[in-house]
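Colleague: If you scroll down you'll find the structure; I have some questions about it.
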Amino acid sequence: MIEKIVKEMTLKEKVGQLNQHLYGWQCYQKVNGKYELTDLFKEHVKEYGGVGAIYGILRADAWSQINRENGISREDSKIVITMIQEYIKKHSRFEIPALISEECVHGHMALGAPVFPTNLAMGMTWNPDLMERITHNVSQELAAKGGNLALFTGFDVLRDPRWGRSEECFSEDAYLTSCMTSAAVHGFQKEKNGVAVVVKHLCAQGGCVGGHNSDAALIGPRELREIHLPPVKAAIDAGAKAVMAAYNEIDGIPCHINKALLFETLRKEYDFSGIVMADGCALDRLLLLDDDILKVGSLALKAGVDLSLWDNVYLRLDEAIKQGYLTEEELDQAVLRVLRLKEELGLWEELNTYSLPEASDLLLQAARECQVLLKNNDSLLPLSSKQKIAVIGPNANHYLNQLGDYTAYQNKSDIVTVYDGICQKTEISPIYVQGCSIRGRKFDIEPALVAAKAADIVILVLGG
C-alpha cells in the first residue's frame, strides 16, 4: 500500500511528508475554554496536502509561551490531537495522519503529566529495570493522549560538566549510558500502542568544545567508537524506530550532512531501518556554512535525514529536484521510511482508547533510588530537628527549579521545595536566603554569610 501511495503522490505531497515545520502550539488556539484550529495550520495542510509530523502540540513552558491558561490540559489532550488528525486526514488525498512528536526526556513535557527524575539522577540509580518501567509508563501516557513519537535523550555521553545540558546525560560512562538507553527503548516500545521512541542526539553532542551547547566535537575515530557510538548501537539493537541527528560537527562535518555517520554507520553497519529526524532548526543552521538552500537540503537528504524539525530548508526539496540537486528517487526513499513508520504504528487504523496511567508509586521509587550520599563524616546525618539550619541557594525555594529541564508548568501545590520539606521536619524554623540568582549577575552574598555563621548546619541548594 505504501509504495502505491508514494507513486501516486505529487512532489509537493512528498515534501509535506518529510516536514515537521509547524510548532504544535501554532496549530490550535484556546478561545473561551474551547479549542480551535488556526488558519496557519489549515494553510500548511492545504499547501502540502497533509503533514509529515507535528512537534509539541501538548508542550507547555516558558520557551513555548504556553501555560495553564492557553495550553491543553491532560484530560483534553486526546480531544485536541484527534481534532488535528481528523482535519489532516480529511484534507489529505490519501488520508495520511501526522506523526505527533512530544518531548519525553524525563516524563511527558505537558500540563499535568508526571515528572520523573532527570537522566543524570537516573544514572545514579544504576537500575535499568527501573528505567524501563518509567519509560513504559511515559509511553502509556503518550499513547493515551494520541501521541506517537517520544523524544528521548539517550545518546549523549557527558564529557564536560560545564555543558548546560548535562542533566540529560546518564553519566560520563559509555557502558552505563548504553545499558540505561537500551532499557529506555525497551520501555517506550514495550507494547504496540502507537508510540515509538526518537533517541537523541546522533552523535557526540556531549563532547562539545568548552561545554558550549552544539559546539564542535573535537574527537577522533577511536573516541567516537569507544565513547559515543556504543549507546547508539545499544538503542538500535533494542529496536529503536527513530533517532535524531545532533547539532554539532565531528571532525569538521556537521552531523546532519554526515553520510558516513547517518548511512554507513547507522544504516549499513547497525542495520537501522527507521527514520532520522533533524534537530530543531538544525537544517537552517547549515546555511551559515553555505547559503545555497537547495544544495543544503539535498546534502541532508542524501546523508540520511528523513524528517525535518521547524526549518525552512526541507520545504523546498521539490525545487531542489527541479533544479537537479536531487532525484525524485532519493526523495522517495525518505518518504517511504516515514510512511512505513506511520503504518507500523497503526496510524491508519481505528484510534485505540488508552487510559492515562497511574505513576505515584513509580515516582516515589525513582526519587528514592536516585539519592546519593557521597560521605557522612562524623555521623553528621541524620540531622537533629532541633538544629539551627540555614537553607541557602537559588534552587532552595523555587518550585519549578526542583524538576529539571524539559518540564512543563506544574501546579505549585503539587511540589515541595527543599526549604518547604525542611520546614516540615524541624522544630526550629530554618533561615532561608537566596544568595544568588540562576541567571544574570544578581548576588546577595552578605545576608547569606550572616545566615551561615548563625547556623549549626548550612544546606546549599545549587545547580544549573
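The values are calculated or read from the model by the stated rules, or taken from the named source; none is laboratory data. Since the structure is predicted, the reported quantities are computational estimates derived from the model, not experimental observations. Counting neighbours? That spans all protein chains shown, and the Cβs are built from the backbone with ideal geometry, glycine included. With ligands, DNA and RNA removed, areas are computed over all heavy atoms of the protein, side chains included. Shrake-Rupley method; radii C 1.70, N 1.55, O 1.52, S 1.80 Å.
Colleague: Taking the Cα centre of segment 391-464 as the origin, how large is its charge dipole in debye, to the nearest 20, when only Lys and Arg (+1) and Asp and Glu (-1) carry charge on their Cβ atoms?
Modeller: On the way: 6 positive and 7 negative charges, 46 e Å.
Computed charge dipole of segment 391-464: roughly 220 debye.
Colleague: Would you mind checking the radius of gyration and Dmax of segment 369-464 based on alpha-carbon positions, in Å?
Modeller: According to the Cα coordinates of segment 369-464, Rg and Dmax are 14.3, 41 Å.
Colleague: How far apart, in nm, are two points set 7 Å out from the Cα along the Cα-to-Cβ line at K375 and at Y35?
Modeller: 5.3 nm
Colleague: In degrees between 0 and 90, to the nearest 10, how far off the longest principal axis of the chain does helix 77-90 point, with axes built from Cα atoms?
Modeller: So the helix axis and the longest Cα principal axis differ by about 10 degrees.
Colleague: Same structure, new question: Test of understanding: given the chain, find the longest segment containing no GluC sites (Glu not before Pro) that are in a DSSP loop and have at most 15 other Cβ atoms within 10 Å.
Modeller: Details: sites that count: E69, E75, E95, E191, E349, E350, E358, E427.
Here the longest run is 192-348.
Colleague: Using a Förster distance of 35 angstrom, determine the FRET efficiency expected from the C-beta separation of K453 and Q424, and round it to 0.05.
Modeller: Calculated transfer efficiency: 0.90.
Colleague: On to the next question. Any chance you could run the full-extension gain for D251 through N352? It's 0.36 nm times the residue separation minus the Cα-Cα distance, nm to one decimal. Don't skip to the end; give the middle numbers.
Modeller: On the way: separation 101, 0.36 × 101 = 36.36 nm, distance 4.60 nm.
Going from the current span to full extension adds 31.8 nm.
Colleague: May I pose another question? Taking amide H positions as placed 1.01 Å from N in the peptide plane, with prolines and chain starts having none, which residues 5 or more places from E172, or on another chain, fall under 5 Å of its amide H?
Modeller: L158
Colleague: Given 0.36 nm per residue, what is the gain on full extension from L364 to I438 after removing their alpha carbon distance, in nm? Walk me through the intermediate numbers first.
Modeller: Details: separation 74, 0.36 × 74 = 26.64 nm, distance 2.72 nm.
Fully extending the segment from L364 to I438 adds 23.9 nm.
Colleague: Can you pull a Stokes-Einstein diffusion coefficient for the chain at 4 °C (1.567 mPa s), Rh from Kirkwood over Cα pairs, as a whole number of µm²/s?
Modeller: 55 µm²/s
Colleague: In deg cm²/dmol and to the nearest 500, what is the mean residue ellipticity at 222 nm of the chain if only DSSP H runs of at least 4 residues count, each as -39500 (n - 2.57), divided by the residue total?
Modeller: Numbers: 15 runs with 150 residues, N = 464.
About -9500 deg cm²/dmol.
Colleague: Additional query: Which distance in nm do the two modelled labels at K190 and Q26 give, with both placed 7 Å along the Cα-to-Cβ direction?
Modeller: The two pseudo-label positions are separated by 3.6 nm.
Colleague: Find which of L347, V305, S379 sits farthest along the positive direction of the dipole of segment 281-413, computed with +1 on the beta-carbon of Lys and Arg, -1 on that of Asp and Glu, about the Cα centre.
Modeller: The residue sitting farthest along the positive end of the dipole is S379.
Colleague: Another question about this same structure. Which one, C436, L111, V338, is farthest towards the positive end of the dipole of the chain when Lys and Arg carry +1 and Asp and Glu -1 on their Cβ?
Modeller: C436
Colleague: So, in nm, how far is label E172 from label E223 when the simple model puts each one 7 Å beyond its Cα toward the Cβ?
Modeller: Reported label-point gap for E172 and E223 is 1.3 nm.
Colleague: As a test question: what accessible area, to the nearest 10 Å², does I293 have when a 1.4 Å probe is rolled over all protein chains in place?
Modeller: Roll a 1.4 Å probe over it and I293 shows about 30 Å².
Colleague: Quick one: which of K4/K233; K145/K259; K78/K412; K14/K89 span more than 27 angstrom between C-alpha atoms?
Modeller: Those over the limit are K4/K233; K145/K259.
Colleague: State the answer as a single residue: which of G16, M277, I84 lies farthest towards the positive end of the charge dipole of the chain, with beta carbon charges of +1 for Lys and Arg and -1 for Asp and Glu, about the Cα centre.
Modeller: It is I84, whose Cα lies furthest towards the positive end.
Colleague: Okay, moving on. Return the long-range amide H neighbours of H201 (sequence gap of 5 or more, or a different chain), with a cut-off of under 5 Å between placed amide H atoms.
Modeller: Close amide H contacts, sequence-distant or interchain: G154, F155, D156.
Colleague: Probe radius 1.4 Å, ligands and nucleic acids left out: which of R162, R68, R93 has the largest accessible area, and how do the rest follow?
Modeller: Accessible-area ranking of R162, R68, R93, largest first: R162, R93, R68.
Colleague: 5 Å is the cut-off here: which amide hydrogens, built 1.01 Å from N in the peptide plane, fall below it relative to G107, excluding neighbours closer than 5 in sequence?
Modeller: So G107 has HN proximity to F116.
Colleague: All other residues with a Cβ under 12 Å from the Cβ of I134 taken together, and with Lys, Arg as +1 and Asp, Glu as -1, what is their net charge?
Modeller: -3
Colleague: Dividing the convex hull volume of the Cα atoms of segment 115-188 by its residue count, what figure in Å³ per residue is obtained?
Modeller: It comes to 83 Å³ per residue, whole-number rounded.
Colleague: So if I place +1 on the C-beta of Lys and Arg and -1 on the C-beta of Asp and Glu, and nothing else carries charge, what would the dipole magnitude of segment 260-304 be about its Cα centre? I want it in debye, nearest 20.
Modeller: Working: 5 positive and 8 negative charges, 25 e Å.
Dipole size: approximately 120 debye.
Colleague: What's the magnitude of the charge dipole for the chain around its Cα centre, counting Lys and Arg as +1 and Asp and Glu as -1 at the beta-carbon? Answer in Debye, nearest 20.
Modeller: In debye, rounded to 20, the chain gives about 560.
Colleague: Compute log10 of I(q)/I(0) for segment 261-386 with the Debye formula, placing one identical point scatterer on every Cα and leaving out solvent, at q = 0.15, 0.21 Å⁻¹, to two decimals.
Modeller: With no solvent term, the Cα-only Debye profile gives -0.83, -1.20.
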